[in-house]
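Below you'll find the structure, written out as structure tokens, and then a few comments.
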Amino acid sequence: MSRARKVTPLEARAFLRRAHLIESQADGIAEAIAHHGYVQIDPLNICGRMHDHILRNRVRGYEEGGLMRHLHGDGAPLEAARRTAFEHHLPSTGILVALPLDAWPHLHASMRARTRQASAWSGRLTPREREFAKAMLERFAQGGPLGPEAFADDRRGSRVWGAATLAKSTLQKLFFHGRLLIAGREKNRRLYDLPERVLPSTVLAQREHTADETARWLALTRLRQHRLVALKRAELAHVEDLVVAVSVEGCPTLHCLASDLPWFEPPAGPANDPAPLLLAPLDPMIYDRRVTRGLWGFDYTWEAYTPAPKRKRGYYALPVLAGTELVGHVDLKADRATGRLGVVSRAVARGHRTRVAVAGLARFLGLRTR
């Protein structure tokens, strides 16, 4: 690998705007997923869901709920042969994401490992769950998709977030283990089915990739997701032939894909004054807190799961991107009953306005601001 390319923080931030499709949006959701490797999914809907916030800034004409319709169809569940992406967890994590189909062979080792781990949320089945799983899978073989309510049982399950009943905890583990997949959603409620009814047969027939192949895929996926990454030594060893080191003052050594280098060149013609944008709290451009702090001078933490007394910005504060600067945040809350999007709190640098950006999000959500 050649010597590190030296760039200024401003050049690096401009690169990220371009490489993250902020300035030239994708024509469709499939293109955006392929470009970024995955899109993170989160169920909270305070002022729109995480994945919708991520994609509305990256996909031309994106509409609320677009990712779920793309994954599962609009109405009746999508036929397996027509699917181009699916929901699952990144290997060895609890992060739920939308993945392209070529990710499936890389998930097997992690799914298999979970069946042996001690975890109330995703690990091996308890004796009660094992017994229940057998009956569940027999029911799915008769036809799905099905949710937890299809299995009448009043026994309590694992005492972890999101799994109150035995049926729900068992289904959740079978999903983590790859024996069931999410086949659809009804108002964000999961419907499961057997993998052969969710993924195309050509995908299921692919061989499981080796540990080295999956390690290379994981490193490449991280680079695609964030575009400028502080790679660990082991990660770099798997992708050294594909990356370029980038040196930016105030940051650890970063790497980008060699194929991304053209994004460092400014486009021809006069530069437009970009309007402020509201970013997702877990937007991939600012996901790495250490890099964001060094590159943008912006120390941000998503606080939805932080106890209220310890919050600094608010429950669902959206960072504000103005050109190549992160200038503050706006904490918003949608009141669907009254059709309004309200500002809970706002802290933005002097000289910057967010009214237009907030109004744009309100229109996206089908709400008004006044």
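The values are calculated or read from the model by the stated rules, or taken from the named source; none is laboratory data. Given the structure is predicted, the values throughout are model-derived calculations rather than measurements. Here the Cβ is made from the backbone with ideal geometry for all residues, glycine too, and neighbour counts use every protein chain on show. Note: areas computed on protein heavy atoms with side chains; ligands, DNA, RNA excluded. Shrake-Rupley method; radii C 1.70, N 1.55, O 1.52, S 1.80 Å.
Assorted remarks:
- Helices (runs of 4 or more DSSP H) completely within the range 1-119 that count 3 or more residues being under 13 Å from the mean Cα position of the chain (by Cα): 29-36, 50-56
- Test for S92: is it in contact with a helix residue (DSSP H, G or I) (Cβ under 6 Å, 6 or more places away or on another chain), surrounded by fewer than 17 Cβ atoms within 10 Å (Cβ to Cβ) and free of Cβ contacts under 8 Å to residues at least 60 places away in the same chain: yes
- From the options A19, A85, residue that is within 27 Å of Y305 (Cβ to Cβ) and among the small types (G, A, S): A85
- In the range 96-126, the residues that are closer than 14 Å to Y38 by Cα and either at pLDDT below 95 or among the charged types (D, E, K, R) (or both): D102
- Hey, E23 at pLDDT below 95, within 22 Å of L321 (Cα to Cα) and of a type in the set (D, E, K, R) or not: yes
- Among the candidates T306, T338, T292, residue that is open to solvent by 40 Å² or more (accessible area, probe 1.4 Å) and at negative phi: T338
- Residue in the range 283-296 that is at pLDDT 95 or above, aromatic (F, W, Y) and touching a strand residue (DSSP E or B) at 6+ places or on another chain (Cβ under 6 Å) present: yes
- Each residue in the range 191-209 was checked for being closer than 17 Å to L146 by Cβ and in contact with a Pro (Cβ under 8 Å, 6 or more places away or on another chain), and 4 of them qualify.
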